[in-house]
């Protein structure tokens, strides 16, 4: 592996490299290894990892990803709420689309098969966006 990395002019950064065990809760809980030796470094084992804006947890339940989406969306909603009164409805729609709805839509195919409670959490974000844009309660 060291030869391939060197030939490709790459270097392993152990502080940014993570190992994620994938499997059922029973399988993952049986693994006690918390660090994996790679080359001359040791890489940490994590319960969830970020990759291209998606948070993947070790059980592939997507709970961490939905939580991250909702957290970011509500942050942007609070920021937009401060300026919505001084915007037209079209401008508010555009800002809501660019800051919030695009995050809900990004990689949403990965959310296929999630639980109803997670769908309700995402739906509550959409409802909050609609209330903000229309001015309804």
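In this structure, residue 115 and residue 18 have a Cβ-Cβ separation that, at R0 = 22 Å, corresponds to a calculated FRET efficiency of about 0.30.
Which order results if 4, 21 are arranged by neighbouring Cβ count within 10 Å, fewest first? Before the final figure, lay out each step's value.
Working: 4 8, 21 16.
Listing 4, 21 from fewest to most nearby Cβ atoms yields 4, 21.
Taking label positions 7 Å along the Cα-Cβ direction at both residue 75 and residue 97, the computed distance is 2.4 nm, reported to one decimal. Legend: P(r) of region 51-112 from all alpha carbon pair distances, 10 Å bins from 0, whole percents, reading 21, 45, 23, 10, 1.
Residues 70, 107 in ascending order of nearby Cβ atoms (within 10 Å, fewest first): 107, 70. GNM on the chain, alpha-carbon springs under 10 angstrom: the most fluctuating residue among 13, 108, 127 is 13.
Return the Rg/Rh ratio of region 2-46 with Cα-based radii and a Kirkwood Rh. Each step should come with its number before you reach the end.
Values: Rg = 13.2 Å, Rh = 12.0 Å.
Answer for region 2-46: 1.09.
Nearest 10 degrees, 0 to 90: what angle lies between the long axis of helix 116-134 and the longest principal axis of the chain (Cα atoms)? Once rounded, the angle reads 40 degrees. Computed from Cα positions, the angle between helix 63-83 and the longest principal axis of the chain comes to roughly 40 degrees.
How many angstrom separate the Cα center of region 44-77 from the Cα center of region 1-41? About 20 Å separates the Cα centre of region 44-77 from the one of region 1-41.
Tell me which label goes with the value of log10 I(q)/I(0) by the Debye sum over Cα atoms at q = 0.10, 0.11, 0.12 Å⁻¹ computed from the coordinates here: [x] -0.75, -0.82, -0.88; [y] -0.51, -0.59, -0.66; [z] -0.31, -0.38, -0.45. Structure-derived value, by its label: [y].
Read-outs throughout are calculated quantities, based only on the coordinates presented, and are distinct from any laboratory measurement. Only a predicted model underlies this, so the values are computations on that prediction, with no experimental measurement involved. FYI the Cβ positions are ideal-geometry reconstructions off the backbone, even for glycines, and counts take in every protein chain you see.
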